[in-house]
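*Asks:* Structure provided below as structure tokens; questions to follow.
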Amino acid sequence: MTDKLTNFFFQKQEDIRPLFESQLEACGVDYFDIYLMHAQGADNFAYFKKCRAYETALELMAEGKFRHFGISFHDRAEVLEQILTEYPQIEMVQIQFNYVDYENPAVESRKCYEVCRKFGKPVIVMEPVKGGNLVNLLKNAGAVLEELHGGSPASYAIRFAAGFEGIMMVLSGMSDIEQMNDNVSFMREYRPLSDREMEAVRKVREIFRSMGLIPCISCRCCQAGCPKGIAIPELFAVMNTKQLYHDWNADYYYNVIHTGGGKARASQCIKCGKCEKACPQHIPIRRFLEDVAKEFEKKPEGV
Ligand code: SF4
Ligand code: SF4
């Protein structure tokens, strides 16, 4: 069993032990197999250091409260290099890794993976299907994979991620039994992607690039800190839907998002920038919200 230490839940070093104990209690266990420092990046790492979070966690490990120590990471490769240099006790690193973000200059999947290899750290993959975006593919992208007659879109994404040296685990993010059965079907006797399959996923990557979509993975890391309570991932989802399909439903859903929970509109963003600091995809959220407002707020509400 794995749990994480998240910055939202501690303000100082003294908060960490009680928080950790409450995590054990909530999970009904005496120890965790793996404990991760959550969402590490330049800002979060500085916060963890200020609160001596790494030192506290390592004390807990020495007391047998968890077996293995790791981090989940969302930032540039050079920041990862700094963290692994300062804390060689880190045993494993969880990174975003999928075939679309492999060379994405904001996510730096490949570069982060290479840093892990340089430091000899096993890699845990998160977002192998990019928040579901590599499962529900557009018709032209899906057709590229269908021509292979080899499996579901998810199977190519997960097999891509699992095919690199040093990958310890791929967290596929299953949400029902059907997805689990599909994953088991191709991972039971794992085969890396063939050259032909690799070429197909490259084509799908190019199709994604050519569409100019907002690369939001709906992780919601931006949500907790937004003083206006703007439904950022939902707004980006409708913007992408509009971009993809040019259909009226996107406008309809834009209004549904706001009438449902009384949430602020994109134009009500006060540009404080808190969301951008939390975004693992390094999305210029404020700029995209301006685009969203232009796109969806140009008409009277309800039209
Ligand atoms: S910049 Fe806008 S969307 Fe981001 S946290 Fe501030 S108010 Fe919310
Ligand atoms: S905007 Fe960034 S932080 Fe917010 S849901 Fe999308 S990817 Fe996650």
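The values are calculated or read from the model by the stated rules, or taken from the named source; none is laboratory data. Everything numeric in this text was worked out from a predicted model, so none of it was measured. FYI the Cβ positions are ideal-geometry reconstructions off the backbone, even for glycines, and counts take in every protein chain you see.
*Asks:* Exactly one condition in (1) surrounded by 15 or more Cβ atoms within 10 Å (Cβ to Cβ); (2) at positive phi; (3) within 18 Å of the chain's Cα centre (by Cα) is not met by VAL125; state its number.
*Replies:* Failed condition: (2).
*Asks:* Between ARG220, ARG196, ARG191, ARG209, which is touching a Leu at 6+ places or on another chain (Cβ under 9 Å) and charged (D, E, K, R)?
*Replies:* Only one candidate passes the filter, namely ARG196.
*Asks:* I would also like to ask the following. Does region 78-98 contain any residue that is among the charged types (D, E, K, R), modelled with pLDDT under 95 and outside any helix (DSSP H, G or I)? Full working, then the answer.
*Replies:* We begin by selecting, within region 78-98, every residue among the charged types (D, E, K, R); these are 78, 81, 86, 91.
Next, only the ones that are modelled with pLDDT under 95 stay: 78.
If we keep only those that are outside any helix (DSSP H, G or I) as well, we get none.
Checking region 78-98: not a single residue is among the charged types (D, E, K, R), modelled with pLDDT under 95 and outside any helix (DSSP H, G or I).
*Asks:* I need a count of the residues in region 57-77 that are part of a loop (DSSP other than H, G, I, E, B) and either among the β-branched types (Val, Ile, Thr) or modelled with pLDDT of 95 or more (or both).
*Replies:* Final tally of qualifying residues: 3.
*Asks:* May I pose another question? Among the numbered criteria (1) under 17 Å from the mean Cα position of the chain (by Cα); (2) within 16 Å of ligand 2 (Cβ to nearest atom); (3) buried (at least 18 other Cβ atoms within 10 Å of the Cβ), which one does GLN223 miss?
*Replies:* Looking at each condition in turn, GLN223 falls short on (3).
*Asks:* So, one more: Can you name the helices (runs of 4 or more DSSP H) wholly within region 135-222 that have at least 2 residues being within 30 Å of ARG286 (Cβ to Cβ) and more than 16 Å from ligand 1 (Cβ to nearest atom)?
*Replies:* Where helices (runs of 4 or more DSSP H) fall fully within region 135-222 and carry at least 2 residues being within 30 Å of ARG286 (Cβ to Cβ) and more than 16 Å from ligand 1 (Cβ to nearest atom), they are 195-211.
*Asks:* Return the residues of region 269-283 that are within 10 Å of ligand 1 (Cβ to nearest atom) and out of contact with any strand residue (DSSP E or B) (no Cβ under 9 Å at 6 or more places or on another chain); say none if nothing qualifies.
*Replies:* First pass over region 269-283, keeping only residues within 10 Å of ligand 1 (Cβ to nearest atom): 269-279.
Listed by number, the residues that qualify are CYS269, ILE270, LYS271, CYS272, GLY273, LYS274, CYS275, GLU276, LYS277, CYS279.
*Asks:* Can you confirm whether PHE186 is of a type in the set (A, V, I, L, M, F, W, C), in contact with a Leu (Cβ under 7 Å, 6 or more places away or on another chain) and surrounded by 15 or more Cβ atoms within 10 Å (Cβ to Cβ)? Give the steps one after another, and end with the answer.
*Replies:* On the way: of a type in the set (A, V, I, L, M, F, W, C): yes; in contact with a Leu (Cβ under 7 Å, 6 or more places away or on another chain): no; surrounded by 15 or more Cβ atoms within 10 Å (Cβ to Cβ): yes.
So PHE186 does not fit the description; no.
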